[in-house]
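The numbers here are math on the coordinates, done by the rules we state, and not lab data. Quick caveat: nothing in here was measured; it's all calculated off a predicted structure. As a convention, Cβ positions derive from the backbone with ideal geometry for all residues, glycine included, and neighbour counts pool all protein chains shown.
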Amino acid sequence: MHAAFIADLIEADDAISLVYDDDGVVRGFAIGTLIDAPEVYDPGGPTSMIDDFMVDEPDAWRSIGRALLDAVTEAARARGAAQIIVVCGPDDLPKRSMLGAGGCTVATEWFTKQL
C-alpha cells in the first residue's frame, strides 16, 4: 500500500481510523469508511466499510482484532451507521473466526453486522 493513500484515507472526514498500541508497539489497525449501503443490503442507514484491518500475528485476531472490531463498531454507531461490512478473504481463518464470534455473518464473502 502506498503511504500517501493510507495518509489520505486516515485523514478523510468519513474515516474511522484506529490503532492498537501495546507500549509503543503497533499490534494492529482498522480503518472504517462511512459509505452509503450497497444495494444488496437494506440496513436502514449508512454503512461502515472496514477494508483495511490487520493484526501482527494470527493469534491476535481473538484479542486485538476483536478489540478493534468492537471499537470501530461503536465509533460507527456513534456516527449514525446502521451496519458494518468487513472485508475478509475466505482463507483468512483466524480473522473469519473472530468476525463470526463478533456477531458478523457472511454475505457474498463480506461480513456484515446490523448496528
Under the Karplus curve 6.51 cos²θ - 1.76 cosθ + 1.60, θ = phi - 60°, whole-Hz ³J(HN,Hα) for segment 50-62, x wherever Gly or Pro sits: 9, 9, 9, 8, 9, 10, 7, 8, x, 5, 6, 4, 5
Dipole of segment 51-115, positive direction: furthest Cα of Thr105, Ala60, Leu93, with charges on the beta-carbon: Thr105
Most mobile listed residue (Val72, Val26, Val86) in the chain, GNM with C-alpha springs under 10 Å: Val26
Cleavage-rule hits, GluC sites (Glu not before Pro), segment 1-104, DSSP coil, Cβ neighbours within 10 Å at most 11: Glu39
Leu93-Asp21 pseudo-label distance in nm [points 7 Å out on the Cα-to-Cβ vector]: 3.5 nm
